[in-house]
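Have a look at the structure below before the remarks.
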Amino acid sequence: MSQRSVAITITSGKGGVGKSTTVASVGLGLAQLGHRVCLVDTDIGLRKLDLMLGLENRIVYDIVDVIEGVSKLRQSLVRHKEYPDLALLPAAQTRYKEEVSPVQVKQVVNELRKEFDFILIDSPAGIEGGFRNAIAAADRAILVVNPEIPSVRDSDRVIGLLESANLDHIDLVVNRVQPEMVKDGDMLSVDRVKNHLAINLLGIVPEDRRIIRSSNTGEPVILDGKSYAGKAFSNIARRLSGEDVPFLELEEGTLISRIKRLFHIA
Amino acid sequence: MTLFNMFNKEREEPTAVTADDRLSLVLSYQRSDIDEKKLKLFQSRLIELCDDFGYDVVGQVTVVPQSKERTTIINASIPVRPKGAPKE
């Protein structure tokens, strides 16, 4: 078993906050740093990670096939072409979440620990069976939150559920932050979200139109050198890797930050 | 003014003014599983307590749960004056 192997569930409660986007980009970021990374899609019936990584045409087997013994784990992993240290274990698209149990997912993840340093588990939205499958094998969790009340309230509920499942190491990623709206008082600030949820802040990701483009092209936004969100995801990967990286300066309006952004040093 | 009121009379008072206050309120209710009936009962017990300790309640009593760093704080505002004190 890899000594450093760590399984992290990326969850949120609410759907559409950017969990799969985070998993795809942070996973790729960790692979760029030289780690062996496996992304596990547990959103059975509604898989997305394959599309976000541009791997949808290379899927033969999936996690349900592994659990049912139809395929071996190694056969079911889809390797990234450019980054072979990054693998995807896809979810089944024509099955249901209820067809696998938390114990079975845990067995699969424990098997993956032998080969990978980081196992990122993409959780489905909601707090039902699919969520329980996604947290069963995790050592820690990353909560992706948008700075809006419905998202924060759902996340607060998820923190309670994670803690009751003895998953105490929970980090926060605040996604889709719009500094101008925060400045005008129309959006909750990152500080307020962090204070309300009272968990460690791992990353701040600004709203970025390039993310839509990236999920349509199958190239995670972290590969887009012009994307501010891509830079933020890269920083999250570095923090997970143990580096001490300062948070991005999101004050778009200042001349200094514009210059920094121009030269990709922010 | 009558016309103005006609359009506004259906509008409910907001539960909190800022998004932050609203979030605080929403999280408090969720975390403590507070239901309105319980809160009303709590409010009436506070009024009884004031009576027991020699205070007259002289205004609107409000009991508002608030959330701070995953802890719920119940803020009660009870305007009182000692029993028998002259009215202002």
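A few comments on the model shown:
- Efficiency of FRET from Cβ geometry, A:R210 and B:A76, R₀ 51 Å, rounded to 0.05: 0.55
- Probe 1.4 Å - accessible area at A:D85, Å² to nearest ten: 70 Å²
- Between 0 and 90°, nearest 10: helix A:228-240 axis offset from chain A longest Cα axis: 60 degrees
- Rounded accessible area of A:R4 (nearest 10 Å², 1.4 Å probe): 140 Å²
- Which of A:K19, B:K38 is most accessible, then next, and so on - probe 1.4 Å: B:K38, A:K19
- With a 1.4 Å probe rolled over the protein heavy atoms of all chains, the accessible area of A:H80, A:H169 falls in the order A:H169, A:H80, largest first.
- Qualifying trypsin sites (Lys or Arg not before Pro) for segment A:163-258 [loop in DSSP, other Cβ within 10 Å: at most 14]: A:R209, A:K226
- Efficiency of FRET between B:K40 and A:E128 - r from beta-carbon atoms, R0 30 angstrom, step 0.05: 0.35
- Cα pair distances in segment A:6-262, grouped into 5 Å bins until the bin that holds the longest one, percent each: 1, 6, 14, 19, 20, 17, 12, 6, 3, 1, 0, 0
- Positive dipole terminus of the protein assembly as shown, leading residue within A:M181, A:G218, B:G54 (C-beta point charges): A:G218
- Cα-based Rg / Dmax (Å) for segment A:8-137: 13.0, 36
- Hull volume per residue, based on the alpha-carbon atoms of segment B:11-82 and their convex hull, is 111 Å³.
- With a Förster radius of 41 Å applied to the beta-carbon distance between A:Q107 and A:V245, the computed FRET efficiency rounds to 0.75.
- Label-reachable residues, segment A:180-209, where backbone N falls under 20 Å from a point 7 Å from A:E148's Cα toward its Cβ: A:180-197, A:204-209
- In the protein assembly as shown, helical runs assigned H by DSSP with n ≥ 4 each contribute -39500 (n - 2.57); averaged across all residues and rounded to the nearest 500, the mean residue ellipticity at 222 nm is -11500 deg cm²/dmol.
- In range of the label at A:A198: residues from segment B:19-35 whose backbone nitrogen is under 18 Å from the point 7 Å along Cα→Cβ: B:21-34
- Multiplying the residue separation of A:E68 and A:D184 by 0.36 nm and removing their Cα-Cα distance gives an extension gain of 36.4 nm.
- Sum of side-chain charges, A:L46 neighbourhood, beta-carbon under 14 Å (Lys, Arg +1; Asp, Glu -1): -4
- Accessible area, probe 1.4 Å, largest first, for residues B:Y55, A:Y83, A:Y96, A:Y228: A:Y96, B:Y55, A:Y83, A:Y228
The values are calculated or read from the model by the stated rules, or taken from the named source; none is laboratory data. Every value quoted in this text rests on a predicted model; they were computed, and no experiment measured them. Glycine also receives a Cβ, built like all others from the backbone with ideal geometry; neighbour counts cover every protein chain displayed. Areas reflect the complete protein model, heavy atoms only, side chains present, ligands, DNA and RNA absent. Shrake-Rupley method; radii C 1.70, N 1.55, O 1.52, S 1.80 Å.
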